[in-house]
Structures are given as structure tokens and as C-alpha cells.
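In what follows, a single structure is set out as C-alpha cells and then discussed.
Derivation of every value follows stated rules applied to the coordinates shown; laboratory data play no part. Note that the coordinates shown come from a computational prediction; the quantities given were computed from them, not determined experimentally. Neighbour counts are summed over all protein chains in view; Cβ atoms, including those assigned to glycine, are modelled from backbone coordinates with ideal geometry.
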Amino acid sequence: MIEDPISMCPCGHLLPYSDCCQKVHLDQKQATSAEQLMRARYAAFVVGNINFLYASFHPATRRFQNKKHIEAWAKESKWMQLHILRSTVNVVEFEAHYLDSQLNLQIHHERSNFKEIQGIWYYVDGKLL
């Protein structure tokens with residue numbers, strides 16, 4: 001039986017959301033790598049889980065984040081797909097394709113840095129490419 005594409009995880013894995021990124025959204029410790037956290041963060045933009053996005057920022061950079069700006073970008077954009085271009089232990093380069101509020105295709109190309117602290121992965125920062 002072919003999986004219904006609507007129930008597939010937005011991160012690009014061929015699993016239902018409930019068996020993939022939702023597990024990380026419910027318990028951040030479920031992300032066992034920087035790439036898995038990156039995928040979960042993308043899926044959080046798709047499903048509008050702003051609290052997870054905020055909580056998954058590294059504690060040293062979290063205070064510089066604005067939940068309202070994150071939420072606005074997540075909601076005004078139609079997230080299309082995620083492409084992981086390169087992934088190492090602490091760095092993930094990706095392209096997130098989305099339609100902006102004027103329905104223009106945009107590609108957010110970023111090299112992101114992650115850090116694990118006591119078994120929990122966090123997004124530290126990223127550089128737009």
C-alpha cells in the first residue's frame with residue numbers, strides 16, 4: 001500500500017509525520033543528530049509549531065529570537081520541500097523551498113550550526129548562502 005502523501009512527514013522522509021518529526025516535536029531528545037533536528041525544525045515551520053522552534057534554539061542564542069517574527073514567517077509562507085545538501089556531525093546545509101506571501105517561489109539556502117548539550121541537539125546559528 002502506498003502511503004498517503006498528505007500524511008507523510010514534511011521533512012521529506014517517507015514516514016507519517018506521527019512516526020517521524022512529531023516524535024521530536026513532543027520530545028526534543030528524540031533528535032539523535034543535527035540533521036534530524038534540522039528536519040524537525042523544518043517540519044515545525046510547516047505545521048506551525050512555534051514553541052518547538054523557539055525551544056530548539058541553543059540556550060545562548062534563544063533570547064535573541066522573536067517568537068512573533070518566527071510565527072509570522074511560518075504562517076505567511078507555504079512550505080514546499082526541504083533538501084538536505086550536506087550534513088556533518090554539527091553542520092547541516094539545506095534548501096527550504098517555499099512560496100512567500102505574494103506566492104513567489106523562494107529558496108532559503110543556509111548552512112546551519114548545531115550543538116548537542118546533555119543529549120539534546122540545538123540550533124545555534126546559520127549563514128545564508
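Out of every Cα-Cα pair that the chain contains, those further apart than 27 angstrom amount to 12 percent. Using the Karplus relation 6.51 cos²θ - 1.76 cosθ + 1.60 with θ = phi - 60°, the per-residue 3J(HN,Hα) values for the stretch 49-54 come to 8, 5, 4, 5, 4, 5 Hz, with x marking Gly and Pro. Note on the stretch 17-128: Lys pairs 8 or more places apart or on different chains, Cα atoms under 20 Å apart, count 7.
Residues in the stretch 87-98 carry Karplus couplings, in order, of 9, 10, 4, 10, 10, 10, 9, 8, 10, 10, 8, 8 Hz; the curve used is 6.51 cos²θ - 1.76 cosθ + 1.60 with θ = phi - 60°, and Gly or Pro positions show x. Each label was represented as a point 7 Å from its Cα along the Cα-to-Cβ direction; for Gln118 and Asp27 these points are 1.7 nm apart. Put simply, the amide H of Leu15, placed in the peptide plane, has neighbours under 5 Å in Cys9, leaving out anything fewer than 5 places away on its chain. Amide H to amide H, with H built 1.01 Å from N, Asp125 comes under 5 Å of Asn113, counting only residues 5 or more places away or on other chains. Remark on Gln81: its backbone amide H falls under 5 Å from those of His97, a criterion applied only to residues 5 or more positions apart or on other chains, H modelled at 1.01 Å from N. How many angstrom separate the Cα center of the stretch 1-68 from the Cα center of the stretch 86-112? Rounded to whole Å, the Cα centres lie 14 Å apart.
Taking the Cα centre as origin and putting +1 on Lys and Arg beta-carbons and -1 on Asp and Glu beta-carbons, what dipole magnitude results for the chain, to the nearest 20 debye? Can you show the working numbers first?
Working: 14 positive and 13 negative charges, 98 e Å.
About 480 debye.
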